[in-house]
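The values are calculated or read from the model by the stated rules, or taken from the named source; none is laboratory data. Remember, it's a predicted structure, so these values are computed and weren't measured experimentally. Cβ placement follows ideal geometry from the backbone for every residue including glycine, while neighbour counts extend to all protein chains displayed.
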Amino acid sequence: MVTATSVAQTKTNLEVFNKLIDSSVVKMNDSILATEKTISLNYNASDVFAVFRNQVVLDFARLGKTISSTSANIVDYSVEDANVHYGEMYKDGIFGDYFVPRTVKLKGNYSIESGNSVPGKFNLAFVDSVAVDDIVSLQNPAYPFTQDEVPTEPFFSSLFAPVVAIGSAALAVILFFTVRSK
């Protein structure tokens, strides 16, 4: 018998972008396309964001849509901007790990033509905190929009831990000889 252990793992930046794409497609479907079964999809985005096209197609399929080039329901979907930003570094406790807030943003627009044209925009964001040590594995070098500059370690917090450790050791030595001599 094989048992598996599940460990929570931080989602990569590309995985977070895919979740934001999911949200935008669900928003379109809920507001306008809920009753339509067949659509014609025009994915209009720069080559940088071409990676999202498959996710858009997959999301429509999950929602029960069939994509056909002959459908009268034309969906134009475009990603205008996608970026990741890391905030100021902070430490989790005195001797804890360093973390940064991560903000992943996706911006775009769409229009749906099925008799009349219905335009819409989406501007979605996802915010969480990630360990500084994990940032390299969260970014994807093939896609520049998944990367951002990692903030530098704060000067005083980098000095705090060694000062506390040296101070604690010195206090232990002083107490050892003070108590022993009495």
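Yes/no per residue for (1) outside any strand (DSSP E or B); (2) assigned by TED's automatic domain parsing to the domain that holds S168; (3) among the charged types (D, E, K, R):
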residue: I94; (1), (2), (3): yes, no, no
residue: F99; (1), (2), (3): no, no, no
residue: T103; (1), (2), (3): no, no, no
residue: G108; (1), (2), (3): no, no, no
residue: E113; (1), (2), (3): no, no, yes
residue: N123; (1), (2), (3): no, no, no
residue: V130; (1), (2), (3): no, no, no
residue: F145; (1), (2), (3): yes, no, no
**Message:** Every residue in region 34-59 that is under 13 Å from I21 (Cβ atoms) and either touching a residue at least 40 places away in the same chain (Cβ under 8 Å) or outside the structural domain of K105 (by TED's automatic domain parsing) (or both), please.
**Reply:** A45, F49, V51
**Request:** Scan (1) surrounded by 14 or more Cβ atoms within 10 Å (Cβ to Cβ); (2) out of contact with any strand residue (DSSP E or B) (no Cβ under 7 Å at 6 or more places or on another chain); (3) farther than 30 Å from E149 by Cα for the single condition N116 breaks and write down its number.
**Result:** (1)
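Look at region 93-110 and say how many of its residues are under 16 Å from N29 (Cα atoms) and either of a type in the set (D, E, K, R) or surrounded by 18 or more Cβ atoms within 10 Å (Cβ to Cβ) (or both).
Final tally of qualifying residues: 2.
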**Request:** Among the residues of region 132-143, write down those that are surrounded by 12 or more Cβ atoms within 10 Å (Cβ to Cβ) and not in a helix (DSSP H, G or I).
**Result:** Q139, N140, Y143
**Residue that is surrounded by the most Cβ atoms within 10 Å (Cβ to Cβ) [pool: residues in region 26-58 that are acidic (D, E) and not in a loop (DSSP other than H, G, I, E, B)]** = D30
**Prompt:** Inside region 59-92, can you point out the residues that are crowded, with 18+ Cβ neighbours inside 10 Å and assigned to a helix (DSSP H, G or I)?
**Reply:** D59, F60
